[in-house]
1. Go through segment 127-144 and give me each residue that's closer than 22 Å to residue 10 by Cβ and open to solvent by less than 10 Å² (accessible area, probe 1.4 Å).
2. Please pick out the residue among 60, 4 that is in a loop (DSSP other than H, G, I, E, B), more than 25 Å from residue 328 (Cβ to Cβ) and at pLDDT 90 or above.
3. Among the residues in segment 16-34, are any under 28 Å from residue 410 (Cβ atoms), without any contact (Cβ under 8 Å) to a residue 40 or more places away in the chain and not in a helix (DSSP H, G or I)?
4. Is there a residue being open to solvent by 30 Å² or more (accessible area, probe 1.4 Å), of a type in the set (D, E, K, R) and under 20 Å from the mean Cα position of the chain (by Cα) anywhere in segment 90-103?
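The values are calculated or read from the model by the stated rules, or taken from the named source; none is laboratory data. All values derive from a computational prediction rather than experimental measurement. Note that we place each Cβ from the backbone using ideal geometry, even for glycine, and neighbour counts take in every protein chain shown. What goes into the accessible areas is simple: the full protein's heavy atoms, side chains included, and nothing from ligands, DNA or RNA. Shrake-Rupley method; radii C 1.70, N 1.55, O 1.52, S 1.80 Å.
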Amino acid sequence: TPNHPNTYNLSILDQFMPSIYIPMVLFYSFAQSSQANIDSTITQQRLKQLKESLSQVLTHFYPFAGRVKDKFTIDCNDEGVHYTEAKVSCTLAEFFNQPNFSSLIHKLVPNQPIMELATEGYTAMVQVNCFACGGMVIGTLISHMIADGAGASFFLNSWGSNSNFSHQDAFDQFPNFDTPFPQNNNNYACPHDTNVMNLCGQFLNEGRVAMRRFLFDAEAISRLRAQGSSLTVQNPTRVEVVTSLLCKCTAKVFNANFGLERPTLITHAVNMRRRASPMFPKSCMGNFAWLALALIMSSKDNKVIMELLPDLVVKLREAVSSINSDFVKGFEGDEGYAKYCEVSKELIEKASSFAATTTSGVNYVHFTSWCNFGLYDVDYGWGKPIWVSCVADSVDDSMFFNAVILMDTPSGNGIECWVYLNED
């Protein structure tokens, strides 16, 4: 590894993120070979190629090869990632034909509780799964302390470019770990009342979480965009209309199931790289996400949500638009820490005031979008993935908050939704 700092100091935004792992699972078929019988030497060659290219890419992503030291720092000791190879006795087709295959995906990532606080140990973990058909599934866990979803995707694409020898542009962009935001040290400890994680923490559920997966194809997206358009937002994005529809549905079911007249509070993660002026390049590592906040009011009869789909789209657009270039600029430089504390406190107070609007409180759902991250472009030399998935821990009793993850479809013009709610 080239010379680099022995200690990587986390930024204020890194500390704001939960110290959990980001799971990403990429499925690859063996369709590139016309052989009737799978040649094990090809699999072994690909495994060797994956390991060698991973070692090479980690020399540039040096914090990924280190260890979490504490909530402020990463020890960049070059000890490497946790790497596992697994053999799966069935084919990919047989796996997908399982009626509950979505609940089995967690077996394809390293055996580590994803939602467990990763305050020490590995910052990155990899499991390569070899299926009987010759297909491969690469499951990764990246610590949210050193990268957000966009950063983790950039790492996977860089690894793919390094592995794919047909790419002449490997490392056309090197990762940049020089964050524009103040880095944490003992003087920049986040006060309790300005730690944005307390915002989500106050809405934690206790019980059994259930997952459902919904697919919106291009035709469904087109219909939704037509239904969700208005004079204010004439051309809503696919993320805006799908998020708005799911907000409407979850708000209705909360009120129907629990018989409470209370609003639904949503937060939506926003990638600030695209909000800066000029935009931060996708090679910027660390966390660049912030939360947009919106409140959905219920009707008095608890049967119909007052806001129509266009109204919800407008409300979401307004919430996200508040995170603009001036907002991002405020977090940068020497004054960034004070601005972070100020904005964080305002966000928490706003959410708390929403919760106090009714005696029964509010329902809460967190949305995050992985769309346009380029995960379907990750090519290790034998083609692009046939499917990309996120995964949470296997369904079990735990502390969790209601969450929705939006992902691209293989075609790139649809959205796949992973919805995690209380089993009720």
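1. Residues of segment 127-144 closer than 22 Å to residue 10 by Cβ: 140-144.
Matches in segment 127-144: 140, 141, 142, 143.
2. 60
3. yes
4. No - not one qualifying residue is present in segment 90-103.
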